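The values are calculated or read from the model by the stated rules, or taken from the named source; none is laboratory data. Not measured: the values here are computed from a predicted model. So basically every Cβ, Gly included, is an ideal-geometry build from the backbone, and we count neighbours across all protein chains shown. Protein only, heavy atoms only, side chains kept; ligands, DNA and RNA dropped before computing areas. Shrake-Rupley method; radii C 1.70, N 1.55, O 1.52, S 1.80 Å.
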Amino acid sequence: MIYLDNAATTKMSQTAIKAMIPYMDCIYGNPSSLHSAGQKANEALTDARERIARLLGCEAKEITFTSGGSEADNQAIVSAARIGERSGKKHIVSTAFEHHAVLHTLNKLEKEGFEVTLLDVGENGIVLPEQVADAIREDTCLVTVMFANNEIGTIQPIEEIGQVCRGKGVLFHTDAVQAAGHLRIDAKAQNIDMLSLSAHKFHGPKGIGVLYARKGIRLTNIIEGGAQERGKRAGTENIPAIMAMTAALEEACLHMDENSAKLTALRDKLIAGLSKIPHSVLNGDAEKRLPGNVSFCFEGIEGESLLLLLDDKGICASSGSACTSGSLDPSHVLLAIGRVHDIAHGSLRLTLSEENTEKEVDYTISAVKDVVEYLRSISPIWRDLVSGKKEFIIK
Amino acid sequence: MALYSEKVMDHFRNPRNVGVIENADGIGEVGNAKCGDIMKIYLKIENDIIVDVKFETFGCGSAIASSSMATEMIKGKHISDAMNLTNKAVAEALDGLPAHKMHCSVLAEEAIKKALLDYYKKNYIVYDSNVFHDCESCGHCCGD
């Protein structure tokens, strides 16, 4: 099996698994307990929080452990909204291609009377700091822009956007779920007020994540209950997952440069190979993109059948077609970069990890070529395009 | 993948009757690229019997499987039997489709009906317009 869906989730690393085990069968106490078993778990929790803070360039007390990226996004946005609301600020700036954890939270706030401005991301999938500056108003309480996009991998100018927000005194949150462990993050230096991440995108376990919130930003609870996480996130801390996440993030940050170099080479080889398929187009900027992300649209075919046939050839991939999203519309990300419906249905996302090899990339290029060619051979649209009855959208 | 039955996967992987019939007696195309699926059915009819049928489909796994199964079900049959083929029968023959994929079987039924309508019109055969869906007034995505 060739696993090329690392933006969906990753395999846990041995380092992460090993870091997890002692906290399941040995140090299993509840960190809130006063006895020694509980205090040992509490020490581990304190240690993990400090290590995560170091990796993100912030302080330990600015770290809240959550169930993952979605919860962190929800809490960051709702908290900023509640802070804004108190001084009558009910406007939020974001982008059209955020993750649904952000967009759906913004929808919820709109129903409460907030106003949301979603910025265009252009054909290359990058929002400019000037756009953010122009969109900020007197009553803006939050700017939330993702660090890197989950479908097309484009990297946003986070530090510059942070600077704009700092200058205008507006809170800045970034969904760094795809970036953490893959791109350099330094919350202080990059002017980030709040940041969300999820462990399973960098070889950690599922169901654990982090919300970083700069000192002084008052968080609003999403989950009520006990006094865990300074009273801001109730529920007994998932110590095994927290320890595994910490180990995974340390390992990813330690090897970031070499991993990035390896992935970039594989990515560019994959992009070069797939670009040779006629009437195909790369989605998102070719350079300012995650080292492991490849996203293409192929004219005349539909993504779900492409995925199923690739799966038959042993390749695990993903698509933004309507049939794979469970709705009638294709991915909002592809529509946001200006791909029309007809083209967006024929999308393919391949996301690499350090474990992939050049041989796998070569095999994948030839497999995708074969499958696209076959599906075109049975597609009535392709017949119309080739015969000139219809005009090609991708030249 | 557990999304589809073995039958669906079989017809998707090895679709029957793929292709084009030159000088077909009836051609029907339904769906649109915006919605992500298009089906085109070609019929060869002799003495009211469908002697050959071919299809081309742009769409997901269940769209391709539905086209394949539907063509199998009408091949060699009388045109009145083909007229009576329902999307439900196609879905059942495939051992079921997921709820959000039922529209693929609807497309197969519609494509066959449209090809038959084309045959009736070409041959000046009187037909009952009530049995054909009025795609223009229907909000469903299969309307072209």
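List the GluC sites (Glu not before Pro) within segment A:77-175 that DSSP assigns to loop and that have no more than 16 neighbouring Cβ atoms inside 10 Å. Write down the numbers at each step before the final one.
Details: sites: A:Glu85, A:Glu98, A:Glu110, A:Glu112, A:Glu115, A:Glu123, A:Glu130, A:Glu138, A:Glu151, A:Glu159, A:Glu160; in loops: A:Glu98, A:Glu112, A:Glu123, A:Glu138, A:Glu151.
The qualifying sites are A:Glu112, A:Glu123, A:Glu138.
What translational diffusion coefficient, to the nearest whole µm²/s, does chain A have by Stokes-Einstein, given a Kirkwood radius computed over alpha-carbon pairs, a temperature of 25 °C and 0.890 mPa s viscosity? Working shown, then result.
On the way: Rh = 22.0 Å.
D, rounded to a whole number, is 112 µm²/s.
Which whole DSSP H helices in chain B pass both tests: a Cα extent of 18 Å or more along the axis and a mean Kyte-Doolittle value no lower than 0.5? Walk me through the numbers before you get to the answer.
On the way: long enough: B:61-74 (20 Å, 0.74); B:102-122 (31 Å, -0.13).
Membrane-span-like by this criterion, though nothing is claimed about a membrane: B:61-74.
What FRET efficiency, computed as 1/(1 + (r/R0)^6) with R0 = 30 Å and r the Cβ-Cβ distance, is obtained for B:Glu72 and A:Lys359, rounded to the nearest 0.05?
Details: r = 40 Å, r/R0 = 1.32.
Step by step, r from the Cβ atoms, then E = 0.15.
Just the accessible area per residue of chain A, please: how many Å² with a 1.4 Å probe? Don't jump to the answer; show the numbers that get you there.
On the way: 15590 Å² over 395 residues.
For chain A, the per-residue accessible area is 39 Å².
Where does the Debye-calculated log10 I(q)/I(0) of segment B:6-122 sit at q = 0.09, 0.11 Å⁻¹, using only Cα point scatterers of equal weight, no solvent?
Results for segment B:6-122 at q = 0.09, 0.11 Å⁻¹ read -0.19, -0.29.
Have a look at A:Thr95, A:Thr351, A:Thr117 and tell me which one the Gaussian network model of chain A (Cα, springs below 10 Å) gives the largest fluctuation.
Evaluated over chain A, the most mobile residue of the options is A:Thr117.
Given the convex hull of the Cα atoms of segment A:256-386, what is a quarter of its surface area in nm²? Mind dumping the intermediate values first?
On the way: hull surface 31.8 nm².
Taking a quarter of the hull surface, the average projection is 8.0 nm².
Tell me the Kirkwood radius of segment A:1-121: reciprocal of the mean inverse pair distance over distinct alpha-carbon atoms, in Å.
Working: mean 1/r = 0.0560 Å⁻¹.
About 17.9 Å, per the Kirkwood formula over Cα pairs.
Rounded to the nearest 0.05, what FRET efficiency do A:Lys61 and A:Leu254 give with R0 = 30 Å and r taken as the Cβ-Cβ distance? Could you check? Walk me through the numbers on the way to the answer.
Numbers: r = 24 Å, r/R0 = 0.81.
Here the calculated transfer efficiency is 0.80.
Estimate for me the total accessible surface buried between chains A and B (protein heavy atoms, probe 1.4 Å, no ligands or nucleic acids), in Å² to the nearest 100. Walk me through the numbers before you get to the answer.
Numbers: alone 16700 and 7400 Å², together 21920 Å².
That pair hides around 2200 Å² of surface in total.
Which residues of segment B:46-70 end up with at least 10 Å² less accessible area in the presence of all protein chains than when their chain stands alone, using a 1.4 Å probe?
B:Glu56, B:Thr57, B:Phe58, B:Gly59, B:Cys60, B:Gly61, B:Ile64
In degrees, nearest 10, range 0 to 90: what is the angle between the Cα axis of helix A:69-86 and the longest Cα principal axis of chain A?
Here the helix axis deviates by roughly 60 degrees.
Per residue of B:27-34, how many C-beta atoms from partner chains lie within 10 Å of its own C-beta, taken as a mean? Before the final figure, lay out the partial values.
Details: counts 0, 0, 2, 0, 2, 3, 15, 9.
Neighbouring Cβ atoms belonging to other protein chains average 4 per residue here.
Please list, or write none, the lysines whose alpha carbon is within less than 24 Å of the alpha carbon of B:Lys122, excluding same-chain residues fewer than 8 places away.
In chain and number order, the partners are A:Lys389, B:Lys40, B:Lys44, B:Lys54, B:Lys75, B:Lys77, B:Lys113, B:Lys114.
Just to confirm my numbers, what's the Cα centroid distance between segment A:31-97 and segment A:225-282 in Å?
Taking the Cα centre of segment A:225-282 as reference, the centre of segment A:31-97 is 18 Å away.
Using each residue's phi in segment A:380-389, evaluate 6.51 cos²θ - 1.76 cosθ + 1.60 at θ = phi - 60° and report the 3J(HN,Hα) Karplus result to the nearest Hz, with x for Gly and Pro.
Once θ is set to phi - 60°, the couplings for segment A:380-389 become x, 5, 4, 4, 5, 5, 5, 7, x, 5 Hz.
Tell me the angle of helix A:100-111 to the major Cα principal axis of chain A, expressed in degrees between 0 and 90 and rounded to the nearest ten.
Roughly 70 degrees, rounded to the nearest 10.
How many percent of all Cα-Cα pairs in segment A:179-307 sit more than 23 Å apart?
Values: 4323 of 8256 pairs.
In whole percent, the share of Cα-Cα pairs in segment A:179-307 beyond 23 Å is 52.
Taking the Cβ-Cβ separation of B:Arg13 and B:His100 as r and a Förster radius of 22 Å, what is the calculated FRET efficiency to the nearest 0.05?
Numbers: r = 21 Å, r/R0 = 0.96.
Efficiency computed from Cβ-Cβ geometry: 0.55.
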